[in-house]
1. In degrees between 0 and 90, to the nearest 10, how far off the longest principal axis of the chain does helix 101-130 point, with axes built from Cα atoms?
2. Just rank 164, 8, fewest to most, by other beta-carbon atoms within 10 angstrom.
3. Once both axes come from the Cα atoms, what is the angle between helix 49-67 and the longest principal axis of the chain, in degrees from 0 to 90, rounded to 10?
4. To test your reading of the geometry: what angle, between 0 and 90 degrees and rounded to tens, separates the Cα axis of helix 3-26 from the longest principal axis of the chain?
5. Under the rule of -39500 (n - 2.57) per DSSP H run of 4 or more residues, summed and divided by the residues of the chain, what mean residue ellipticity at 222 nm is obtained, to the nearest 500 deg cm²/dmol?
6. So what is the relative contact order of the chain, in percent, for Cα pairs below 8 Å that sit 6 or more residues apart?
7. Counting other beta carbons within 10 Å of each residue's own, what order do 85, 102 fall into, fewest first?
8. Expected output is a single nm value to one decimal: the length gained when fully extending between residue 97 and residue 67, i.e. 0.36 nm times separation in residues minus the C-alpha distance. What is it?
């Protein structure tokens, strides 16, 4: 994929970080489905780690500046989490080559989702503990693991489909040219 396509795709994904959350929140699914995570993860997968990392920072900052959501206090731990998603999905998807498209996708996504939540939890702990607010591993697990299970399911189902659709539309290059990719 050319750098112009990567920059354009990153710009679209960054804009989606501003557009998707209000749409999901309007129907009461914003918090449960973490809509800002989808374009960042997608950007990392299709454009690579530098672009995914940028999208993970620029997306929430842009949304916060334009709409006030996320609020600045939350932005302090949400941006590192999203940057980690973009970084790790891009890096792992670039490095992992099993010969199986979906194995590569899931072997990049699953650890990235966990690592991003760890980074977000550490950042949140630093923010809360610096203001003398309580924080613990059980609070982190509740917020970042249990509370986000619907989002994880959505991400693990939707992102492989989106990458497949973009590949079939020739908007992103085939990972294994000539091999059959099944949806």
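1. It is inclined by approximately 20 degrees.
2. Numbers: 164 17, 8 13.
So the ranking, lowest neighbour count to highest, is 8, 164.
3. Once rounded, one gets 50 degrees.
4. 50 degrees
5. Numbers: 8 runs with 136 residues, N = 183.
Per the formula, -25000 deg cm²/dmol.
6. Working: 253 pairs, mean separation 38.8, N = 183.
In percent, rounded to a whole number, it is 21.
7. On the way: 85 32, 102 14.
If I rank by nearby Cβ atoms, fewest first, I get 102, 85.
8. On the way: separation 30, 0.36 × 30 = 10.80 nm, distance 3.99 nm.
Extra length from residue 97 to residue 67 when fully extended: 6.8 nm.
Readers should treat all values here as calculations from the given coordinates under stated rules, not as data from a laboratory. Everything numeric here is computed off the predicted structure, so don't read it as measured data. All Cβ positions, glycine included, derive from the backbone under ideal geometry; neighbour counts span all protein chains shown.
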